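Participant: Pasting a structure below so you can have a look.
The values are calculated or read from the model by the stated rules, or taken from the named source; none is laboratory data. Keep in mind the model is a prediction, meaning the values are calculated, not measured. Cβ placement follows ideal geometry from the backbone for every residue including glycine, while neighbour counts extend to all protein chains displayed. Each accessible area value is taken on the protein alone, full model and side chains, heavy atoms only, with ligands, DNA and RNA left out. Shrake-Rupley method; radii C 1.70, N 1.55, O 1.52, S 1.80 Å.
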Amino acid sequence: MEQGIQSILKQTYKQLEIILIDDGSTDKSREIIEAAKQKDSRISSIFQTQQGAPTARNAGCKISVGEYLYFMDSDDYLPETAIEKMVSESLQYGSDLVIGQYQFINEAGEWIGESNFIEELGISLEGKATKQQLSLCPPFPGNKLYRASMIKENRIQFADVRVAQDLNFYLKVLLFATTPIVIEDSVYYYRVRSGSISHSYGSKMLDVITSLEDAEMFYQQNGQYDRTFFSNIKFLHYYYQLIKVPQIQNYLERTETFLSFKKEFAKIQKADLTKELIDTFYYKSKLKLRFRRLYTGYLNSKRQKRKMGV
């Protein structure tokens, strides 16, 4: 947390309103926040009792008064010029959503990789992209700058679900982002933790279904529903969860989770999927879904756990 706070305070863009939120931590987080407040007048704080990340982010958004919104997790940190680069791009292109690249680091802080979805998704050098391309960008908020008016006027909030909270929020943002842009600059250091929610395994994976259905309903309520758009998003994110299923410890839970995803895959029409998804994942998913006993069985589960270090 201290590294994260310091990286914010060292930003070259100084006109910041910094809201630090403690979600009922049992470590020294409160002390760290209080000490930081004493040193910098730009910092304010919220202390809540383990209500979860969505509630924490929504609370910070509610009291913020700045022109932009930016969300950062306490495990991570920023390059010194991150905010300045994103604000500059927003002002130059009139963008209401700026998406940057990010670096992966491990728990020890060692560099292990970097994103490059401009190249991966075939986005133009000017950073312009279609909604379909943008929907395939990693949804977590740390590499994104949002125009506050877009979020607040459209009442976009983080949904209270265990899985795919960021995806739910991001899809709702895409509905109203009229001038999004993707930049080549790296604006975030994302710490990969083996025990984090995004790297844990169990039937709660199924919450991705609830999350996407909630986003789907949001589009319908705003008269902007597109079945093809959601079919591709559902297929991709259901597949991401399906490949984790063998790593669920309990066999019964593993099987029930598998069957639930199989039911959801059956609702998606192949004709709605992009050629890229069909070529990359469609036939792999069909193979996994066809041979349930092999895929969820003990031997494959053991092999997958050993492969992933679970």
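Participant: Just to confirm my numbers, what's the Cα centroid distance between the stretch 80-120 and the stretch 262-309 in Å?
Facilitator: One Cα centre to the other: 31 Å.
Participant: Just to verify a number: what accessible area does L259 come out at with the full protein assembly present, 1.4 Å probe, Å² rounded to tens?
Facilitator: 80 Å²
Participant: Trypsin sites (Lys or Arg not before Pro), restricted to the stretch 179-251: which are DSSP loop and have at most 13 other Cβ atoms within 10 Å?
Facilitator: R193
Participant: Show log10 I(q)/I(0) for the stretch 134-217 at q = 0.10, 0.13, 0.20, 0.25 Å⁻¹, two decimals, from a solvent-free Debye sum over equal Cα scatterers.
Facilitator: The computed values of log10 I(q)/I(0) come out as -0.28, -0.47, -1.04, -1.35.
Participant: Still on this structure, please answer the following. Can you tell which of K172, K39, K14 shows the greatest fluctuation in a Gaussian network model of the chain with Cα springs below 10 Å?
Facilitator: Evaluated over the chain, the most mobile residue of the options is K39.
Participant: Roughly how many Å² of D40 are accessible to a 1.4 Å probe, to the nearest 10?
Facilitator: Rounded to the nearest 10, the figure is 30 Å².
Participant: Right, next: Report the gain in length on full extension from K152 to R193: 0.36 nm times residue separation, minus Cα-Cα distance, nm rounded to one decimal.
Facilitator: Answer, rounded to one decimal: 11.6 nm.
Participant: Using every Cα-Cα pair within the stretch 63-153, state what percent have a distance larger than 15 Å.
Facilitator: Summing the P(r) tail past 15 Å for the stretch 63-153 gives 65 percent.
Participant: Using 1/(1 + (r/R0)^6) with R0 = 30 angstrom and r between the beta carbons of E213 and Q249, what's the FRET efficiency to the nearest 0.05?
Facilitator: 0.65
Participant: Starting from the 7 Å offset along Cα-to-Cβ, what nm value, one decimal, do you get for the label separation of S44 and N106?
Facilitator: 4.1 nm
Participant: Continuing with the same structure: Once you have the Kirkwood Rh of the stretch 108-263 from its Cα pairs, apply Stokes-Einstein at 20 °C and 1.002 mPa s and quote D in µm²/s.
Facilitator: My calculation gives 125 µm²/s for D.
Participant: My understanding is that a pair violates if its Cα-Cα distance is over 31 Å; which of K14/K244; K152/K262; K39/K172; K144/K286; K152/K275; K128/K234 do that in this structure?
Facilitator: K14/K244; K152/K262; K39/K172; K144/K286; K152/K275, as the Cα separations exceed 31 Å there.
Participant: What does the accessible area per residue of the stretch 16-145 come to in Å², with a 1.4 Å probe and no ligands, DNA or RNA counted?
Facilitator: Value returned for the stretch 16-145: 51 Å² of accessible area per residue.
Participant: For the stretch 1-87, what are the per-bin percents of Cα-Cα distances with bins 10 Å wide, up to the bin holding the maximum?
Facilitator: Reading the bins upward from 0: 16, 53, 29, 2.
Participant: Also, quick follow-up: Debye calculation, C-alpha points only, no solvent: report log10 I(q)/I(0) for the stretch 239-310 at q = 0.12, 0.24, 0.25, 0.27 Å⁻¹, in the same order as the q values.
Facilitator: The calculated log intensity ratios at q = 0.12, 0.24, 0.25, 0.27 Å⁻¹ are -0.33, -1.08, -1.14, -1.26.
Participant: Quick one: the Cα spread of the stretch 58-97 along its three principal axes, in angstroms, biggest first?
Facilitator: 29, 24, 13
Participant: Another question, if that's okay. Just tell me which aspartates and glutamates come within less than 18 Å, Cα to Cα, of K270; anything on the same chain fewer than 8 places away is out.
Facilitator: Straight-distance partners of K270: D226, D279.
Participant: So, one more: So what's the back-of-envelope 222 nm ellipticity for the chain, counting only DSSP H runs of four-plus at -39500 (n - 2.57) apiece and dividing by all residues, rounded to 500?
Facilitator: Only helices count here, giving -13000 deg cm²/dmol.
Participant: In addition: Heads up, I need the accessible area for D27: 1.4 angstrom probe, whole protein in place, Å², nearest 10.
Facilitator: Its heavy atoms expose roughly 100 Å² to the probe.
Participant: How far is it, in nm, from the label point at Q3 to the one at I63 when both lie 7 Å from their Cα along the line to the Cβ?
Facilitator: Result for the modelled spin labels: 2.8 nm.
Participant: If you don't mind, there's one more thing I want to ask. Just checking my list (i) 76, 44, 40; (ii) 72, 49, 35; (iii) 59, 41, 35 against Cα extents along the principal axes in Å computed from this structure; which label fits?
Facilitator: (iii)
Participant: Moving on. I21's amide H: which non-local residues (gap 5+, or another chain) put their own amide H closer than 5 Å, with H modeled 1.01 Å from N in plane and none for Pro or chain starts?
Facilitator: I46
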